[in-house]
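The values are calculated or read from the model by the stated rules, or taken from the named source; none is laboratory data. Predicted, not measured: the structure shown is a model, and the values here were computed from it. Here Cβ is always computed from backbone atoms with ideal geometry, including for glycine, and neighbour counts include all displayed protein chains. Note: accessible area is taken over every heavy atom of the protein model, side chains too, but ligands, DNA and RNA are not part of it. Shrake-Rupley method; radii C 1.70, N 1.55, O 1.52, S 1.80 Å.
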Amino acid sequence: MKKIFCSIMAMLTMAASAQTLNVTSGGTTYQFPAEQTGKMTFANGSMMSVMGKTFAISDITSMFTDDTAVSDNEVNVTYIGTGALVYVAGNIAQYVDVSVSGAHVTITQSDAVTNDLINDGTMEEITYNLKGASTDGSLTLGGSAKCTVTLNGLALTNPNGAPINITNGKRIDLSVKKDTENTLQDGTASSAKACLYCQGHLELKGKGVLNVYAYGSKAHGIKSGDYMEMKNCTVNIPAATKDGVSCNEYFLMESGTLNISGVGDDGIQCDIDNDEGTPIAATDAADGGHEDEDTGNIYIIGGTINASITGASCKGIKSEGDMIITDGAITVSTSGGGTWDSDKLKTKASACLGADGNMTISGGTLTLTSTGAGGKGINADGTLTIDGGTTIIKTSGNAVVASSTGTLSVVTSSQQLDKYDSDYKSSPKGIKVDGAITVNDGIINVTTTGAGGEGIESKTCITFNGGQTYVSASDDGINASYNDDTKSLSYAGDMTINGGYIYCYSTGNDAMDTNGNFYIKGGLVYAIGSGNVEKSLDANTEEGKKLYISGGTVIAIGDLESGSSITNGTCKSTTSWTKNSRLALYNGGTLAAAFKTPSTSGNSQKLIVYTSSTPTITSGVTVSGGTDMCNGVLNIGGTVSGGSSVTLSNYSSGNSGGGFGPGGGGGRW
């Protein structure tokens, strides 16, 4: 014992003139800067205390001094193959317990480090810096206060668990350092919840790259027990047994890039962590309005998301609450087919975006593609409001149906769907919403080609106030309907057009169909219906509903609903129109729009036009300048030359109108 004391005293004498005293115990080196160390105390010849950290002298494997610079409040972990080196700054040594087994590192912050001490400035939060590589290593981090974890060139694989497992239930900043690439991977033997797991609030940031491979039997790519936020960094999740990203409370994408593929379930999923949750106003999202955090909401206010999802009935981005998109570039594809839900006794299908609550889109560019049976671009149980941005949706899958025993099959003809109850079929749709749809602005471009493929459907009502909407569908183009929950509403199944530019083409059914009343009060509507007896504009006359046209501009190929009310303007028609041609429509001598006609179909259908004054049409025109609308089908404000006048007759609704013939014809321009 005397020899040990002499060695220690000699070391302390050296430390007085050196910069740093290094004490290694249990595989961890604690670094005490000489100017901070002060008085060191001893007890019973077996214990030594430095800056509040007490060591059993028998546990000390080495002590030395050097001129290493030490940054306060930092723990540095370097993985080297089968081992790990851990260095703890002296000023926090008393607050950190570390154990090292091979390259598996467990660190626990003392409960003495609390958010109160950090928030009042008494103490700074601790930063854990990780770097190096190991094929059999991990970090387990516990505690009860906020902290930061930085990844600075880390390649960490844990065959039997999560490479990073943060059991600290507080806010964790995970910073991916600039110009570094970092990779986390688990193994098939892992039963952990995620490859990167955080029990608390996870905030991903930095300007580096993080790759996550989750092969564990229960593993999400990234799992946060509370909310998750992301900005600046690039996160790639090329493989996950379950969701790519899973979190509770809310998910906020502020900036950066998130790439997800090769997952077995949803791309991004946010759950409500209690029974009810509290909605947050869309206007609060960009201002950090998350006082009531347990919402299940997803906020995308910037950045880039690319998700390619292959699982049956899986979602690209799924919120148990609301989904609010104000900016960003979002590209999602789903290819999985439908499934049978044996608990709810109904079919389910994939969707690029799915919300159990409401959805609001006010900016950004959305490119949504679904190729699986029954797949949808947007699916919301609540309402959908579109105030801006560009939304492009393509679905090409056929409908999926189920037998009474839940056996699934795919149908290739829309007519086959009529014999199935709604719970026993999932039709492909560009947009399907149970609540009301309101379009105030923005660009919408929807194309559906599979059997039963409707363009836009609401089970409550639809209102267009502005924007540009293009729909090409194999079934109803735009459909306002109702279900058992909404049919008692006075406006159930109504569609109202107050403004905007709308082009809607069905290759096998009504262009625009309502189960209630259909009101056109403004805007420009160009509708083409097809099939034997289907309409361009259809209302539910069987239940005493009606089509009302009282304003705006209407171009329709295919008859209008019988008994329509047409006021405050003039409606005329002709069968002298040529397929695949460009026509100009004038309102009392003033050019209203130049428009293209379909490339396939005969002239058996009427071309019907309505304007506030007397409409006239010139066929075979050339257009220059102006603004192309609705995927180039309409031109507004251009200069028209050439062409020949088309003879128009007064139109009165009530005729069957004819059609393109069985199968619907249709096609592209």
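Counting only DSSP H runs of at least 4 residues, each contributing -39500 (n - 2.57), and dividing by the residue count of the chain, the helix-based mean residue ellipticity at 222 nm comes to -1000 deg cm²/dmol.
Structural size metrics of segment 410-449, computed from C-alpha coordinates, are Rg and Dmax of 13.6, 38 Å. Using 0.36 nm per residue and subtracting the Cα-Cα separation, the extra length available between Ser599 and Asn650 on full extension is 15.8 nm.
Please report, to two decimal places, log10 I(q)/I(0) for segment 325-426 at q = 0.14, 0.21, 0.22 Å⁻¹ as given by the Debye formula with identical point scatterers on the Cα atoms and no solvent. Rounded to two decimals, the profile gives -0.58, -1.04, -1.10. Seen against the Cα atoms of the chain and their longest principal axis, helix 2-17 is set at about 60 degrees. Highest mean packing comes first when the peptides 293-299, 49-55, 116-122, 162-168 are listed by Cβ atoms within 10 Å, giving 293-299, 162-168, 49-55, 116-122. Sorting the segments 327-337, 451-461, 255-265, 56-66 by their mean number of nearby beta carbons within 10 angstrom, highest to lowest, gives 451-461, 327-337, 255-265, 56-66. With the highest mean first, a sort of the peptides 401-413, 343-355 on other beta-carbon atoms found within 10 angstrom per residue produces 343-355, 401-413. In terms of distances greater than 31 angstrom between alpha carbons, the cross-link table entries Lys487/Lys579; Lys193/Lys231; Lys131/Lys218; Lys344/Lys546 yield Lys487/Lys579; Lys344/Lys546.
Of the cross-linked pairs Lys178/Lys242; Lys346/Lys432; Lys535/Lys606; Lys205/Lys318, those separated by over 18 Å at the C-alpha level are Lys178/Lys242; Lys205/Lys318.
Overall shape of segment 31-180 was characterised from the C-alpha gyration tensor. The equivalent ellipsoid obtained from it has semi-axes of 26, 20, 15 Å, in decreasing order. Its relative contact order, with pairs defined as Cα atoms under 8 Å and 6+ residues apart, puts segment 397-503 at 24 percent. As an exercise, use a Förster radius of 35 Å and the Cβ-Cβ distance of Thr188 and Ser101 to find the FRET efficiency, rounded to the nearest 0.05. E(calc), rounded to 0.05, equals 0.95.
Computed from the Kirkwood radius of its Cα pairs, the Stokes-Einstein diffusion coefficient for the chain at 20 °C and 1.002 mPa s stands at 76 µm²/s.
Using a probe of 1.4 angstrom and keeping all protein chains present, the accessible surface of the chain works out to 37 square angstrom per residue. Using a simple spin-label model with points 7 Å from Cα along the Cα→Cβ vector, what separation in nm is obtained for Thr54 and Ser550? With each label placed 7 Å out from Cα toward Cβ, I get 8.5 nm. Size of segment 92-144: Rg and Dmax of its alpha carbons, in Å, are 13.0, 41. Fraction of C-alpha pairs exceeding 16 angstrom in segment 437-486: 44 percent, rounded to a whole number.
Modelled spin-label separation between Gln416 and Asp136, with each label point placed 7 Å from Cα along the Cα-to-Cβ direction: 5.4 nm.
With both labels modelled 7 Å from their Cα along Cα-to-Cβ, the Ser217 to Thr390 distance reads 4.7 nm. Overall, the chain carries a charge dipole of about 1980 debye about its Cα centre when +1 sits on the Cβ of Lys and Arg and -1 on the Cβ of Asp and Glu, all other atoms neutral. Using a probe radius of 1.4 angstrom, the carbon and sulfur fraction of the accessible surface of the chain is 44%.
Length gained on full extension, Asp72 to Asn483: 141.7 nm, using 0.36 nm per residue less the C-alpha separation.
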